[in-house]
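Student: Can you keep this structure in mind? I'll have questions shortly.
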Amino acid sequence: MIKLQNITRLYRSDEIETTALHDINLSIGRGEFVAIMGPSGCGKSTLLNILGTIDRPTSGAYLFDGADLAKMSEVKLAQHRARHLGFIFQSFNLVDDLTIFENIELGLLYRGDFKGSRRKAVEAAMDRVGIAHRARHYPHQLSGGQQQRAAIARAIVGNPDLILADEPTGNLDTENGAQVMDILHGLNKAGATIIMVTHSPSHADQATRRVDILDGQLVSSVAQVL
Ligand SMILES: Nc1ncnc2c1ncn2[C@@H]1O[C@H](COP(=O)(O)OP(=O)(O)OP(=O)(O)O)[C@@H](O)[C@H]1O
Ligand SMILES: [Mg+2]
């Protein structure tokens, strides 16, 4: 599904040049559940942002089902994201003045689905993460665990085949973190490919593959027996 070839990402300011990623080569197959680990500042979010096409590599190729996304136009990339991707962030990133229903529906508006089919999809996504009873609430009226489950519903409402999660359990207690992991496992069993950045060794152990990054370089990529 995914093939990264010699991906490098430099950040240049007037005097400083930071190499956030250096010569990353990585292939990920459909149906994998990949955990990305490494110390703060090693390049995990940069890698996830490139995988999510919200950032471009300075050099290298990003093949997705054979097409090089590193060279694709912004219009084409927006279509690619709407069709294939779901994002989950550490800090939920829900819109404060929209209800939970409206937040989740946002994931579909760019695709031009009709109102009735949007409602069905939003309700199915809310059911899946157990927050249907909070549809009319606003994000600040929900607990952290509920907000993250709403954010997962927003990410999956369009049935993405690739889910990218940047420390999805980072702001949650053990129980809510375990619930989020259960939801991700369910989505993976249903066919979604998942790439998750985590600082939690026990959550990383639940993935089918563990990728370690250090100072912008990939140091290991190991299949795990569950
Ligand atoms: N917009 C930017 N401009 C300049 N440097 C940046 C920018 N974004 C990230 N960097 C640098 O790139 C490197 C990798 O950052 P990144 O956010 O990918 O780390 P991370 O592994 O996700 O860290 P954390 O675990 O703290 O989230 C860091 O040295 C960071 O300072
Ligand atoms: Mg990060």
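The values are calculated or read from the model by the stated rules, or taken from the named source; none is laboratory data. All values derive from a computational prediction rather than experimental measurement. No Cβ is skipped: glycine too gets one built from the backbone with ideal geometry, and neighbour counts run over all protein chains shown. Surface areas here come from the heavy atoms of the whole protein model, side chains and all, with no ligands, DNA or RNA. Shrake-Rupley method; radii C 1.70, N 1.55, O 1.52, S 1.80 Å.
Student: Would you work out what percent of the accessible area of the stretch 1-47, with all protein chains in place, is carbon or sulfur (probe 1.4 Å)?
Tutor: 44
Student: May I pose another question? Considering the chain as a Gaussian network with a 10 Å cut-off on Cα pairs, which listed residue, GLY145, GLY66, GLY86, attains the greatest mean-square fluctuation?
Tutor: Looking only at GLY145, GLY66, GLY86, the largest GNM fluctuation is found for GLY66.
Student: Could you give the accessible area per residue of the chain, probe 1.4 Å, as a whole number in Å²?
Tutor: 49
Student: Magnitude of the Cβ-charge dipole of the chain, K/R +1 and D/E -1, about the Cα centre, nearest 20 debye?
Tutor: For this selection, approximately 860 debye.
Student: Right, another one. What do you reckon, how do PHE101, PHE114 stack up by accessible area (1.4 Å probe), largest on top? If you can, show how the numbers build up before the last one.
Tutor: Working: PHE101 45, PHE114 170 Å².
Reading off the accessible areas and sorting them downward yields PHE114, PHE101.
Student: Further, regarding this structure: With unit charges on the beta carbon (Lys/Arg positive, Asp/Glu negative), name the residue among MET1, SER40, LEU108 whose Cα is farthest towards the positive pole of the charge dipole of the stretch 1-112.
Tutor: Farthest towards the positive end: MET1.
Student: Using a 1.4 angstrom probe on heavy atoms only, work out the carbon and sulfur share of the accessible area of the stretch 124-196 in %.
Tutor: Here carbon and sulfur together make up 43 percent of the probe-accessible area.
Student: Mind checking the angle between helix 174-189 and the chain's longest principal axis? C-alpha axes, 0 to 90 degrees, to the nearest 10.
Tutor: That helix lies at roughly 80 degrees to the long axis.
Student: Classify the chain from the C-alpha gyration tensor, please: rounded if a/c falls under 1.5, else prolate or oblate depending on whether a/b exceeds b/c.
Tutor: Cα axes put the chain in the prolate bin.
Student: Per residue of the chain, what 222 nm ellipticity follows from adding -39500 (n - 2.57) for every DSSP H run with n ≥ 4, rounded to the nearest 500?
Tutor: Taking each H run of at least 4 residues, the total per residue is -10500 deg cm²/dmol.
Student: Under 8 Å for C-alpha pairs, at least 6 residues apart: give me the relative contact order for the chain, rounded to a whole percent.
Tutor: Values: 432 pairs, mean separation 64.2, N = 226.
Across the chain, relative contact order equals 28 percent.
Student: So, in Å, what gap is there between the alpha-carbon centers of the stretch 64-81 and the stretch 174-211?
Tutor: 26
Student: Build a GNM of the chain with springs between Cα atoms under 10 Å: which of HIS140, HIS203, HIS84 gets the top mean-square fluctuation?
Tutor: Comparing HIS140, HIS203, HIS84 in a Gaussian network model of the chain, the most mobile one is HIS140.
Student: I would also like to ask the following. How much accessible area does GLU123 have with a 1.4 Å probe, in Å² rounded to the nearest 10?
Tutor: Roughly 80 Å² of GLU123 is accessible to a 1.4 Å probe.
Student: Cross-link partners among lysines for LYS71, C-alpha distance below 25 Å, same-chain residues fewer than 8 apart left out?
Tutor: Leaving aside lysines fewer than 8 places away in the same chain, those within reach of LYS71 are LYS3, LYS44.
Student: Turning to a different aspect of this structure: Between ASP166, ASP14, ASP215, where does the largest GNM mean-square fluctuation fall for the chain, given springs only between Cα atoms within less than 10 Å?
Tutor: ASP14
Student: Give the angle, between 0 and 90 degrees and rounded to the nearest 10, that separates the Cα long axis of helix 144-156 from the longest principal axis of the Cα atoms of the chain.
Tutor: Helix 144-156 sits roughly 80 degrees off the main axis of the chain.
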